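Rule-based calculations on the coordinates, nothing more; no lab input. These figures come from a predicted structure and were not determined experimentally. Glycine gets a Cβ as well: all are built from the backbone with ideal geometry, and neighbour counts include every protein chain shown.
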Amino acid sequence: MSQDITNLKCHIYDSLLLKEVESLYEAIRGNKDLELIFSIKQGRKVNKENTVRSCRRIYQILPFNGIKSFCGRWVEICELLDGRIEILWEGKKLTYVEDTGKDEYETKTGR
């Protein structure tokens with residue numbers, strides 16, 4: 001008898017405290033670039049030579065939509081999970097050249 005009362009009390013207690021809630025998860029809208037969302041981001045100020053430095057590397061930003069120099073402007077360097085680098089200015093991907101310390105340069109373009 002006491003076990004039945006204990007089970008009844010537990011059932012009443014659980015039914016009073018537990019509530020069903022709807023899921024708060026939503027589908028991703030639009031063309032979201034998940035690689036950029038989950039990247040490691042660092043803000044950097046562009047030097048006079050139109051360069052930024054990150055992780056012991058130097059990147060020279062090339063002209064973009066009529067803007068010849070980004071000197072003094074802030075850009076965001078994003079390191080993607082696969083190791084690639086993207087440089088953003090006001091949410092737009094910039095084209096840059098990575099200084100490898102040798103005579104050749106490697107040009108990177110935003111998608």
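Structure data summary
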| quantity | calculated |
| --- | --- |
| Extension gain from LYS41 to GLU22, taking 0.36 nm per residue of separation minus the Cα-Cα distance | 3.5 nm |
| Where labels lie 7 Å past Cα in the beta-carbon direction, separation of ARG29 and ASP99 in nm | 4.3 nm |
| The range 29-108: relative contact order in percent, alpha carbon pairs under 8 Å with at least 6 residues between | 28 percent |
